[in-house]
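For reference, the structure discussed in these notes is given below.
The values are calculated or read from the model by the stated rules, or taken from the named source; none is laboratory data. Just so it is clear, the structure is predicted and the values come from calculations on it, not from any experiment. Counting neighbours? That spans all protein chains shown, and the Cβs are built from the backbone with ideal geometry, glycine included. With ligands, DNA and RNA removed, areas are computed over all heavy atoms of the protein, side chains included. Shrake-Rupley method; radii C 1.70, N 1.55, O 1.52, S 1.80 Å.
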Amino acid sequence: MHEHVRHEQQLLERMIGRWNVEFECSSEADSSVQGGESVRRLGDHWIIGEGSVGDGHEAMHSILTIGFDPRRERFVGTFIASVMTNLWVYEGSVDADGRVLTLATEGPHPTEDRLARYEDIFEFVNDDHRTLTSRVLEQDGTWQQVMLANYRRV
């Protein structure tokens, strides 16, 4: 089990550092938003990402936590943002190649008055580029992309 935990910690360590971020939201198809994120380690088991998008009173700030729970053999974490009231609670796993971390969560649907299932999918393109795709499960069983972010190491 210790080797397994080390492998999971190595995946999280790939996120540590400073990143420039470009967000593309599906609700704003023609626009992209620039931001940044700083990810640091908290002890041996957690990472904390602090992000910001925009300037002044319009800025959005966020905090991401991710760790690996060896008892459950699952990644766990949370996400909060200054423009949202929902605490997003994550649980997920990594693919066999160790490149795609999929975290499931639940929160308010972006256009309907109901709770919905979401997936935040982190893909490691290389050591200096990763993506985040957020998608929501629609009532017809299809997944709809909500947001795509490209992170490039500073």
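Summary table
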| item | result |
| --- | --- |
| First in the stretch 2-20 and farther than 21 Å from Q34 by Cα and surrounded by fewer than 12 Cβ atoms within 10 Å (Cβ to Cβ), second anywhere and at pLDDT 85 or above and acidic (D, E), Cβ under 8 Å, 6 or more apart | H4/E73 |
| Single residue of F75, F68 found to be open to solvent by 20 Å² or more (accessible area, probe 1.4 Å), touching a residue at least 40 places away in the same chain (Cβ under 8 Å) and part of a strand (DSSP E or B) | F68 |
| Subset of the stretch 33-43 (residues that are open to solvent by 60 Å² or more (accessible area, probe 1.4 Å) and modelled with pLDDT under 95) | Q34 |
| Those residues of the stretch 50-86 which are in contact with a strand residue (DSSP E or B) (Cβ under 6 Å, 6 or more places away or on another chain), under 18 Å from L115 (Cα atoms) and not polar (S, T, N, Q), in sequence order | F79, I80, A81, V83 |
| Scan of the stretch 120-132 for residues that are crowded, with 18+ Cβ neighbours inside 10 Å and not hydrophobic (A, V, I, L, M, F, W, C), ordered by number | D120, R130 |
